[in-house]
Amino acid sequence: MAALIDLVDPLSWLLMACLVVLAAFLQGVGGIGFAMLVAPIAALIFPQLVPGPLLALGGSVSLLAALRERQHIVPNVVVCALGGRATGSLIAVLGMTQLPIAAVNLGFAFAILGAVALSAWGLRILPCTRNMILAGIASGIMGTLTSVGAPALAIAMQNLAPAQLRASLGLILFLGASLSLILLMLVGLFSLQQAMLSMVLYPFMLLGFALSGQLRHQVSLPLMRRLLLSICSISALVLIARTLWH
């Protein structure tokens, strides 16, 4: 494990550890935010983490959120979303194995911007069967490609009570991330080394989630949301520019 850490710039490790703490805190407070914050920055400075290790970390913190408020899970919403998520994950894996890396990077960046747009748009829709299946498909594609699968689901579920949203979304993201990881392993896109990378950052994820349990009722959610969307947008635009100029 020490040799693995030595392969990466210590400053990058420190930045990623801080980001994981903040992102896990955001996820614990609002049910969304982990991968949206970490993924675009990781793609720029620490690409080994995308998408597999971040799916492992994000799936774990989502499970913790679901367990904390498990009595508020809405089963029919979860089932419909997971059906769509499985379809979207298969589509994404097929694309990742057939497309050149530049196309995947551009797809990643535009998916991040799409996630930001969905989050900022604030559509008012109901979590009916059709909407949850469609949101699940979008989540599967974006989540497997970029590890950011929450925004489409959050839009479809926004009319649920906050506790229902956090718990149901957490369970969907955990099970969806698990499926995406299995598919990535089957096609050789999630290695043992990547699994070890995620384990090194696991304690920082637990720290961020623990802090969310203490402070989730004292945080300005609109302010945190604006900060999150701004960071995501800037990181995605930088990634697009870097890909096009190389």
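The values are calculated or read from the model by the stated rules, or taken from the named source; none is laboratory data. Note that the structure is a prediction, hence the values are computed from the model and not measured. All Cβ positions, even for glycine, are placed from backbone atoms using ideal geometry, and neighbour counts span all protein chains on display. To get the accessible areas, we keep the full protein, side chains included, count just its heavy atoms, and leave off ligands, DNA and RNA. Shrake-Rupley method; radii C 1.70, N 1.55, O 1.52, S 1.80 Å.
Numbers at a glance
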read-out: Residue satisfying all of: in the range 9-51; surrounded by 16 or more Cβ atoms within 10 Å (Cβ to Cβ) and in a loop (DSSP other than H, G, I, E, B); modelled with the highest pLDDT among these; value: Pro51
read-out: Boolean, Val116 is modelled with pLDDT of 85 or more and among the β-branched types (Val, Ile, Thr); value: no
read-out: Residue match in the range 9-19 (condition: among the hydrophobic types (A, V, I, L, M, F, W, C) and either touching an Asp or Glu at 6+ places or on another chain (Cβ under 7 Å) or farther than 27 Å from Ala241 by Cα (or both)); value: no
read-out: Whichever residue in the range 161-182 is open to solvent by 30 Å² or more (accessible area, probe 1.4 Å) and aliphatic (A, V, I, L, M) and, among such residues, is farthest from Arg130 (Cα to Cα); value: Ile182
read-out: Some residue of the range 56-72 being farther than 21 Å from Leu160 by Cα, open to solvent by 30 Å² or more (accessible area, probe 1.4 Å) and out of contact with any His (no Cβ under 7 Å at 6 or more places or on another chain); value: no
read-out: Residue in the range 10-22 that is in contact with a Phe, Trp or Tyr (Cβ under 6 Å, 6 or more places away or on another chain) and small (Gly, Ala, Ser) present; value: yes
read-out: Pairs where the first residue, in the range 89-100, is open to solvent by 60 Å² or more (accessible area, probe 1.4 Å) and the second is not in a helix (DSSP H, G or I), C-beta under 8 Å, 6+ apart; value: Thr97/Val187; Thr97/Leu189
read-out: Residue within the range 115-138 that is among the β-branched types (Val, Ile, Thr), under 16 Å from the mean Cα position of the chain (by Cα) and buried (at least 24 other Cβ atoms within 10 Å of the Cβ) present; value: no
